[in-house]
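Submitted below is the structure of interest, expressed as structure tokens.
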Amino acid sequence: MRDALEFEWMGKPSVVVVADALTGPADAMLRLCGVPDYPYLVTPFPVGNLDGDEIDARADGMIDDIVRMLYERHQSTATVDAAAGDAQLVYDDAFAVIDDYTRRGWTDGLPIVPPTRERVDELLRMTARAPGDVVVTLATRDGLSATVEQIAVNAAMAGCWPEHFPVVLATMDAMADPRYNLHAHTATMAGAQQVVVVNGPIRHRLAMQTGNGALGPGWPANNAIGRATRLVIRNLLRSVPGEFDRAGFSHPGRFGWCIAEDDENSPWPVLAEQGPSPVHGDATSVYATVWQSSIINHVRQARAIVDELALTVRTACDANWLHHDAAADSSFYEGRPFMFVTGREHARVLSQDGFAALDDLRGALYEGLTRPDRARRPVAIAGPSQIHVVYLHATGMQQTWFFAPFQSHNMVTRPI
Amino acid sequence: MSISTLRPVPRPRASDPTRSMARPLRAGEAANVALVANGKPNSMELLDALAARLSSRIGVREVRRYRKPSVSVAPTEHDMAEIAEWAHAVLTAVGD
């Protein structure tokens, strides 16, 4: 939709075809761009599985409208009241704030901390950046943006303590990188989850959980930081149902998902040091995932663990459009990351039985994901260096999780 | 005692007066038509089918095909510049 408007503004009459499943985001884009009544063509979803005859039939059904639209000038009659909405709102008490913010759709459905001026200022004092500095701009959403202060408002709502705010800010910096392609995976029907991984001594200063239970609830820093990023995406970048969010199932990880790696006990370089531009010390990495697979086994041979991981991931990727035939044709392919999160038991076997070096583990996994196999197509992964491993000091269960990547994104790491 | 809070959402923006929709094609005008596929499966196939029908309905001088680097990103600067220079009308697909 955005492309068609750009062409119109260039003076080229345009017609865009949108699947009926995505008219919500299309209409949101039109409202955002100030042309809510711009006409477009709607065709039933999906288009990708049609055969040639079916495509011809769709084209036959649309051609009259296309000709008409190319010969008629569109005149928008809509106006936007730029003054609407007070910057500050006044309530009787905190319960009234929570009720009203929920009613307005400004929360994730859970209660929020009222973002008072005083609380937001406490967060802002943790950064030298000016409140009005723009941190995120989505060109593909007509320049929709988030400033330092707006991010602080949402972080306060998420329950962030002031000392959490530098992590939130650095994370949003990372998410703003075009390689992360935030617009795509916050508007996809796949309902992608934005995962944050923190490395460095700041994990200890914030008492982040890096061991048992680290992927779940109960850890103020992990949970509030993750939730803050999702509230920014929701409230400021407008990924809400009816606007840009068009998730089919969605996912509980979209309440917020912030992982702190156990740097000290990892047998391998930490995540922030695994990419092409390693960051040492306090760092945040952002990843986008669409589903996860768990591998649980009790084997004591590293090679057997690698084989099980490869089999599981390869099978799931074959069934979920992450095989080479379906997902290798993208500008994001070369940098598409594949993230594994492993606990103590698997890490110990792997590192003590031939895979003390991360590159050796990457090589073995890559070989298992891509070697010829009659039953499963190769995984759409560009090379061994695209494999990343995060270590949690989670004990007891011999478990590793695979975080399947959203196809069109690269992982981005930023210092905190 | 009342409590005052800050809005967590952007304020509505004013319309950009420099933006205006294109003038439509003129009757009898032979047009160069750009097809811009976003890379979703069958997007270019659908555009090709539409272009074939368009050629029999209006005066189409030439059709050129463009494919975006990936879904949800803009066309390349090169392609945008060429379309700006050359095309009279654009068909894009598919929001799928």
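The values are calculated or read from the model by the stated rules, or taken from the named source; none is laboratory data. Everything numeric here is computed off the predicted structure, so don't read it as measured data. All Cβ positions, even for glycine, are placed from backbone atoms using ideal geometry, and neighbour counts span all protein chains on display.
I'd like to verify a number: residues in the stretch A:230-274 that are part of a loop (DSSP other than H, G, I, E, B) and free of Cβ contacts under 8 Å to residues at least 60 places away in the same chain, how many?
6
Inside the stretch A:94-113, can you point out the residues that are crowded, with 17+ Cβ neighbours inside 10 Å and in contact (Cβ under 8 Å) with a residue 24 or more places away in the chain?
Filtering the stretch A:94-113 for residues crowded, with 17+ Cβ neighbours inside 10 Å gives A:97-98, A:101, A:106-108, A:112-113.
If the condition is that a residue be crowded, with 17+ Cβ neighbours inside 10 Å and in contact (Cβ under 8 Å) with a residue 24 or more places away in the chain, then A:Y101, A:W106, A:T107, A:D108, A:I112, A:V113 are the ones that fit.
Taking A:A207 as the residue in question, decide whether it is at pLDDT 95 or above, among the aliphatic types (A, V, I, L, M), in a loop (DSSP other than H, G, I, E, B) and more than 16 Å from the chain's Cα centre (by Cα).
Considered against the rule, which asks whether it is at pLDDT 95 or above, among the aliphatic types (A, V, I, L, M), in a loop (DSSP other than H, G, I, E, B) and more than 16 Å from the chain's Cα centre (by Cα), A:A207 comes out as yes.
Kindly evaluate A:A21 against the criterion of being closer than 22 Å to A:G191 by Cα, of a type outside the set (V, I, T), more than 7 Å from chain B (Cβ to nearest Cβ) and in contact with a Phe, Trp or Tyr (Cβ under 7 Å, 6 or more places away or on another chain).
For A:A21, the condition - closer than 22 Å to A:G191 by Cα, of a type outside the set (V, I, T), more than 7 Å from chain B (Cβ to nearest Cβ) and in contact with a Phe, Trp or Tyr (Cβ under 7 Å, 6 or more places away or on another chain) - is met.
On to the next question. For the stretch B:64-82, name all the residues that are modelled with pLDDT of 95 or more and either crowded, with 19+ Cβ neighbours inside 10 Å or among the basic types (K, R) (or both).
B:R64, B:R65, B:Y66
Looking only at the stretch A:35-54, decide whether some residue is at the interface with chain B (Cβ under 7 Å from one of its Cβ atoms), touching a Ser or Thr at 6+ places or on another chain (Cβ under 9 Å) and in contact (Cβ under 8 Å) with a residue 60 or more places away in the chain.
Checked against the condition, which is being at the interface with chain B (Cβ under 7 Å from one of its Cβ atoms), touching a Ser or Thr at 6+ places or on another chain (Cβ under 9 Å) and in contact (Cβ under 8 Å) with a residue 60 or more places away in the chain, the stretch A:35-54 yields no hits at all.
Let me ask something else. What about B:P10, is it part of a loop (DSSP other than H, G, I, E, B), at pLDDT 90 or above and at the interface with chain A (Cβ under 9 Å from one of its Cβ atoms)?
Considered against the rule, which asks whether it is part of a loop (DSSP other than H, G, I, E, B), at pLDDT 90 or above and at the interface with chain A (Cβ under 9 Å from one of its Cβ atoms), B:P10 comes out as yes.
Quick one: which of A:A187, A:A170, A:A96 is small (G, A, S) and within 14 Å of the chain's Cα centre (by Cα)?
A:A187
Anything in the stretch B:28-43 that is on the phi < 0 side of the Ramachandran plot, more than 14 Å from the chain's Cα centre (by Cα), more than 7 Å from every other protein chain (Cβ to nearest Cβ) and in a loop (DSSP other than H, G, I, E, B)? List them, or say none.
Those that are on the phi < 0 side of the Ramachandran plot, more than 14 Å from the chain's Cα centre (by Cα), more than 7 Å from every other protein chain (Cβ to nearest Cβ) and in a loop (DSSP other than H, G, I, E, B): B:E29, B:A30.
Got a sec? Which of A:V136, A:V167, A:V148 is more than 9 Å from chain B (Cβ to nearest Cβ), under 30 Å from A:F7 (Cβ atoms) and touching a strand residue (DSSP E or B) at 6+ places or on another chain (Cβ under 8 Å)?
Among A:V136, A:V167, A:V148, only A:V136 is more than 9 Å from chain B (Cβ to nearest Cβ), under 30 Å from A:F7 (Cβ atoms) and touching a strand residue (DSSP E or B) at 6+ places or on another chain (Cβ under 8 Å).
Quick one: which of A:A310, A:A272 is within 30 Å of A:V136 (Cβ to Cβ), surrounded by 22 or more Cβ atoms within 10 Å (Cβ to Cβ) and among the aliphatic types (A, V, I, L, M)?
Exactly one of A:A310, A:A272 is within 30 Å of A:V136 (Cβ to Cβ), surrounded by 22 or more Cβ atoms within 10 Å (Cβ to Cβ) and among the aliphatic types (A, V, I, L, M), namely A:A272.
Are there strands (runs of 3 or more DSSP E) fully within the stretch A:58-164 with at least 3 residues that are aliphatic (A, V, I, L, M) and modelled with pLDDT of 95 or more? List them. Show your work before the answer.
Working: elements: A:88-91, A:134-138, A:144-147.
Answer list for the stretch A:58-164: A:134-138.
Let me ask you something else. What number of residues within the stretch B:57-91 satisfy the criterion of being part of a helix (DSSP H, G or I) and more than 9 Å from every other protein chain (Cβ to nearest Cβ)? Let's see the steps before the verdict.
Step one: filter the stretch B:57-91 for residues part of a helix (DSSP H, G or I), giving B:57, B:77-86.
Next, from what is left, pick out any that are more than 9 Å from every other protein chain (Cβ to nearest Cβ): B:77-79, B:81-82, B:85-86.
The number of residues fulfilling the criteria is 7.
Take the residues in the stretch A:175-204 that are crowded, with 24+ Cβ neighbours inside 10 Å and of a type in the set (A, V, I, L, M), then tell me which one is modelled with the lowest pLDDT.
Once the filter is applied, the top-ranked residue is A:A187.
Quick one: in the stretch A:61-71, of everything that is farther than 10 Å from A:V15 by Cβ and within 7 Å of chain B (Cβ to nearest Cβ), which residue is surrounded by the most Cβ atoms within 10 Å (Cβ to Cβ)?
A:I63
Is it the case that some residue within the stretch B:12-30 is of a type in the set (K, R) and in contact with a helix residue (DSSP H, G or I) (Cβ under 7 Å, 6 or more places away or on another chain)?
Within the stretch B:12-30, one or more residues are of a type in the set (K, R) and in contact with a helix residue (DSSP H, G or I) (Cβ under 7 Å, 6 or more places away or on another chain).
Residues in the stretch A:13-34 that are touching a helix residue (DSSP H, G or I) at 6+ places or on another chain (Cβ under 7 Å) and in a loop (DSSP other than H, G, I, E, B): how many?
Adding up the residues that qualify gives 2.
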